[in-house]
Amino acid sequence: MDARTYRVTRADLVAYAAASGDHNPIHQDEAVALSVGLPGVIAHGMYTLALVARYVDESVGHSGQIAELTAKFTKPVVVPAEGVEVVVEGELTESEGQRVVALTVTCNGEKVLGNPRAVLRA
């Protein structure tokens, strides 16, 4: 599966906060994020995971194929004022009747999710 790059902006975070109801200011206010020890405004973890789901849907050709999606949030996606790119790539394998996509999710060359994988419907 080819890698895809997704641009993440602070406007995306504002829209995601409105849709999800997660209005934690660390996702929108630089001063608040810095005051709690973060390196800056960070993307919602679930927003990052949603990009992974989008990648899988786009890569398999249609939505509705993900039966299970898992990952550990290991490193925040810091979103500077000018935005940032998140790169998602995956490898589809079939084992014991299951189609599994092992994924790699990086931002600025560093992995931001631990052991991300998607199990597809049969």
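No value in this document is a laboratory result; all are computed from the given coordinates. Note that the structure is predicted; figures quoted are calculated from it, not measured. Methodologically, a virtual Cβ is constructed for each residue, glycine included, from the backbone with ideal geometry; neighbour enumeration extends over all protein chains shown.
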- Query: Dimensions of the range 30-122 along principal axes (Cα, Å, largest first)?
  - Reply: 49, 21, 21
- At a Förster distance of 25 Å, what's the computed FRET efficiency of residue 4 paired with residue 28, Cβ-Cβ distance as r, to 0.05? 0.45
- Taking the Cβ of residue 118 as the center, what net charge do the other residues with Cβ under 15 Å away carry, scoring Lys and Arg +1 and Asp and Glu -1? 0
- With Cβ to Cβ distances under 13 Å as the rule, what net charge do the other residues near residue 66 carry (K, R +1; D, E -1)? +1
- Just from its helices, what would the mean residue ellipticity at 222 nm be for the chain, if runs of 4 or more DSSP H residues each count -39500 (n - 2.57) and the sum is divided by every residue, rounded to the nearest 500 deg cm²/dmol? -8000 deg cm²/dmol
- Zone reached by a paramagnetic label modelled 7 Å from residue 92 Cα along Cα→Cβ, restricted to the range 27-68 with backbone N below 18 Å, covers 52-68
- the chain: relative contact order as a whole-number percent, Cα under 8 Å and 6+ apart: 29
